[in-house]
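Notes for the one structure printed next.
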Amino acid sequence: MLGGKAGAGLISLVYLVIAARALGPHDYGILVLVHAYVTAICGIVEFPAWQAIVRYGAEARQEGASHRLARLLRFGAKVELAGGVAAVIAAMLLAPWVGPHLGWPPETMAFAIPYSFAVLGSVRSTPAGYLQLIDRFDLIGLHNMVQPLVRLCGASLALLFGWGLKGFLAAWLLASIAEFAVLWGMGLICAYARLGTVLIRPQTGNVASENAGIWRFLVASNADVTLAELAGRLAPLIVGWVMGPAVAGLFAVAQRATVIISQPAQILGNTAYAELAGMVASGQGGAPLRRTLVRVILIAIAAALPVVILAALFPTMMVTLLAGSAFQAAGTVMVVLIMARVIALVGPPCSSALSAMGYPALSMSANLFASLIFLPALPWLLGSFGLMGAGIQAVGQALIASLLLGGLVCHRSLSQ
């Protein structure tokens, strides 16, 4: 999975070079804002089910209860797809009101409604959860390459034929749809290969009664994921709302290196969840869980270290190589955002550990507390410190969230 994500990260740098240089700060900022808007709506409205699939699916597999597992998968798919439909509708309805505040030109406003289907790129946690459950991380790693490859091909065509901003938006939309279709296809093929017709016609049963507390777990885990990612998703929109598309473009380029840093921690946190859930189920939720968690965090830090060193030593050079001289002003804030991401590496693995122990609400509370303190302050910070205010906000929120999550894991695991 790390190999797949590393490859995806390298490809993303290539299409970033193409898009930033072809569009410039203003139009690249609009591209970022349109996609960030859809991503933010999706993050708030969608209802991913992967954690429930992994947790309760592990119990069903241990029992050899294939019909229970099939019912769980069908339940997760229905819940998630319903949330996806709601997210698409919400994105369409809100675009005419949000777009003018973000500086979208009329041609972008016209494309924003069909672009709402890019929400589907994030509606894929059920098949991802099942692939984790059956240890097909190789397929998840391959899937990580789908979106960046489609974006790269689309960006190259948009540059070659001079399609401008609309061409890049179309490429980003197609990449999201491909991301959705490929992972669902992988999940369905693997599930049918293992469960056969049981997947299509399982015996009658009540998912809520045979998976005790599943609705409570789903609500808490989804709130946790939403709040953990809320600041990252809303920050570009707030920057664009307060300072305009061009500054949002600078901020997006500065964030790119931080995304490369954060991805290993997010992947390891998600993939370790299945292992941590299995450890808790087998009575190893204390010291063994803490040792595994420390190893996961150290691996994430080691994976991020090369980018941290390069960005710290050559920030302006990195930004110029990535996006061109028009984006040089993003170099300074990039260093601060990287500091925030390094601090935040603790978060995803700790959130996974808390969910595995059955305490997703605690992770949600920690992320909510950190978000409530720092996210509302972002407009004031931008007004007082310019773009550097976004870096200050990111560092403060990462520090508070990581301290709270790490402390909660230590406290709860001592009682396991």
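Please state the shape class of the range 291-416: rounded when a/c is under 1.5, otherwise prolate if a/b exceeds b/c and oblate if not, all from the C-alpha gyration tensor. Oblate is the answer for the range 291-416, as a/c is 1.5 or above yet b/c matches or exceeds a/b. Report the normalised scattering of the range 346-416 as log10 I(q)/I(0) at q = 0.14, 0.28 Å⁻¹, calculated by the Debye formula with identical scatterers on the alpha carbons. After summing over all Cα pairs, the log10 values are -0.47, -1.13.
In terms of packing, defined here as the mean over residues of other Cβ atoms within 10 angstrom, the peptides 211-221, 349-359, 328-338 line up highest first as 349-359, 328-338, 211-221. For the range 1-82, rounded, prolate or oblate, judged on the Cα gyration tensor with a ≥ b ≥ c (square roots of eigenvalues), a/c < 1.5 rounded, else prolate if a/b > b/c? It is oblate, given that a/c is not under 1.5 and a/b is not larger than b/c. How many angstrom separate the Cα center of the range 94-144 from the Cα center of the range 377-416? If we compute the Cα centre of each part, the gap is 26 Å.
Across the range 392-405, coupling constants 3J(HN,Hα) worked out from phi with the 6.51/-1.76/1.60 Karplus curve, θ = phi - 60°, read 5, 4, 5, 5, x, 5, 4, 5, 5, 4, 5, 5, 5, 5 Hz, and Gly and Pro carry x.
Mean-square fluctuations from a GNM of the chain, with a 10 angstrom spring cutoff on Cα atoms, peak among ALA223, ALA287, ALA70 at ALA287. The rule of thumb for compact globular proteins, 2.2 N^0.38 Å, goes into the C-alpha radius of gyration of the range 315-372 1.64 times. Histogrammed with a bin width of 10 Å, the alpha carbon distances of the range 22-164 distribute as 11, 31, 30, 18, 8, 2 percent, first bin at zero. Measuring between their Cα centroids, the range 279-353 and the range 185-218 lie 35 Å from each other. Pairs of C-alpha atoms in the range 90-169 farther apart than 16 Å represent 65 percent of all such pairs.
Every number in this text was worked out from the coordinates using simple rules, so none of it is lab data. These figures come from a predicted structure and were not determined experimentally. Positions of Cβ are generated from backbone atoms using ideal geometry, with glycine treated the same way; all protein chains shown enter the neighbour counts.
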